[in-house]
1. Got a number for residues in segment 67-89 being open to solvent by 40 Å² or more (accessible area, probe 1.4 Å) and farther than 14 Å from Gly26 by Cβ?
2. Tally the residues that are within 13 Å of Ser96 (Cβ to Cβ) and either part of a strand (DSSP E or B) or touching a Lys or Arg at 6+ places or on another chain (Cβ under 6 Å) (or both), restricting the search to segment 4-45.
3. Give just the number: which of (1) without any contact (Cβ under 8 Å) to a residue 40 or more places away in the chain; (2) within 22 Å of Val12 (Cα to Cα) does Tyr93 not satisfy?
4. So which residues in segment 46-87 are in a strand (DSSP E or B) and small (Gly, Ala, Ser)?
5. Can you name every residue in segment 98-115 that is in contact with a helix residue (DSSP H, G or I) (Cβ under 8 Å, 6 or more places away or on another chain) and either among the basic types (Lys, Arg) or in a strand (DSSP E or B) (or both)?
6. Could you tell me whether Ala97 is surrounded by 14 or more Cβ atoms within 10 Å (Cβ to Cβ) and within 18 Å of Val2 (Cα to Cα)?
7. Suppose we keep only residues that are of a type outside the set (S, T, N, Q) and out of contact with any Ser or Thr (no Cβ under 7 Å at 6 or more places or on another chain) within segment 25-39. Which one would you say is least open to solvent (accessible area, probe 1.4 Å)?
8. Quick check on segment 64-81. Is at least one of its residues among the polar types (S, T, N, Q), farther than 19 Å from Gly15 by Cα and out of contact with any strand residue (DSSP E or B) (no Cβ under 6 Å at 6 or more places or on another chain)?
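The values are calculated or read from the model by the stated rules, or taken from the named source; none is laboratory data. If you're wondering where the values come from, they're calculated on a predicted model, not measured in any experiment. So basically every Cβ, Gly included, is an ideal-geometry build from the backbone, and we count neighbours across all protein chains shown. For accessibility, only protein heavy atoms count, side chains too; no ligands or nucleic acids. Shrake-Rupley method; radii C 1.70, N 1.55, O 1.52, S 1.80 Å.
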Amino acid sequence: QVRLVESGGGLVQPGGSLTLSCAAAGSTFMINAMAWYRQVPGKQRELVASITSGGSAEYADFVDDRCTISKDNAKNTMSLQIDSLKAEDTAVYYCSADDTSRIYWGQGTQVTVSS
C-alpha cells in the first residue's frame, strides 16, 4: 500500500511559477513510476508529466517546456515545477504512483491561475 499527499497548490498570477510536492509513504520500495495529472471539472484527468524510478522523465505536449518533474528517492518525494503559468493551467493536480499491480492517487491540490 502506498499513500500519497500533495502540497504546494494555491493562487498564482499569470506568468508566475509554483512547485507542487508529493510525499509518498508506505510500500514506497514497490513504486515503479510516479506522475502528475490534472483535472478540471467536466473533463477527463490528463497526464502532465511522469518520471520512472530511474529518473527518466516525460512530459505532455501542452507543457511546452514549462514544467520540470523531479524526485528524491531518499525522501520519497516528487516535485513538479511549473513556470509561465497560464489561466488554462487552473486545475486540481494529482500525484500518482504505480507498483505494476495498481495505481495509487493522492487527494489532489488546487492550482488557480488568475490575476
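1. Step one: list which residues in segment 67-89 are open to solvent by 40 Å² or more (accessible area, probe 1.4 Å), which gives 68, 70-77, 81, 83-84, 86-88.
From the residues that got through so far, the ones that are farther than 14 Å from Gly26 by Cβ too are 68, 70-75, 81, 83-84, 86-88.
Result for segment 67-89: 13.
2. Our first condition is that a residue be within 13 Å of Ser96 (Cβ to Cβ); within segment 4-45, this holds for 4-6, 20, 22, 24, 31-39, 45.
Now narrow it down to the ones that are either part of a strand (DSSP E or B) or touching a Lys or Arg at 6+ places or on another chain (Cβ under 6 Å) (or both): 4-6, 20, 22, 24, 33-39.
The total comes to 13.
3. In the conditions (1) without any contact (Cβ under 8 Å) to a residue 40 or more places away in the chain; (2) within 22 Å of Val12 (Cα to Cα), Tyr93 misses (1) alone.
4. In the first step, residues of segment 46-87 are kept if they are in a strand (DSSP E or B); the result is 46-52, 57-59, 67-72, 77-82.
Of everything in segment 46-87, those that are in a strand (DSSP E or B) and small (Gly, Ala, Ser) turn out to be Ala49, Ser50, Ala57, Ser70, Ser79.
5. Selection gives Val111, Val113.
6. Values: surrounded by 14 or more Cβ atoms within 10 Å (Cβ to Cβ): yes; within 18 Å of Val2 (Cα to Cα): yes.
When the stated conditions are applied, Ala97 passes them.
7. Here is the first cut: in segment 25-39, the residues of a type outside the set (S, T, N, Q) are 25-26, 29-31, 33-38.
With out of contact with any Ser or Thr (no Cβ under 7 Å at 6 or more places or on another chain) added as a condition, the list becomes 25-26, 29-30, 36, 38.
Values: Ala25: 40, Gly26: 47, Phe29: 168, Met30: 80, Trp36: 0, Arg38: 26 Å².
Ranking the qualifying residues of segment 25-39, first place goes to Trp36.
8. Within segment 64-81, one or more residues are among the polar types (S, T, N, Q), farther than 19 Å from Gly15 by Cα and out of contact with any strand residue (DSSP E or B) (no Cβ under 6 Å at 6 or more places or on another chain).
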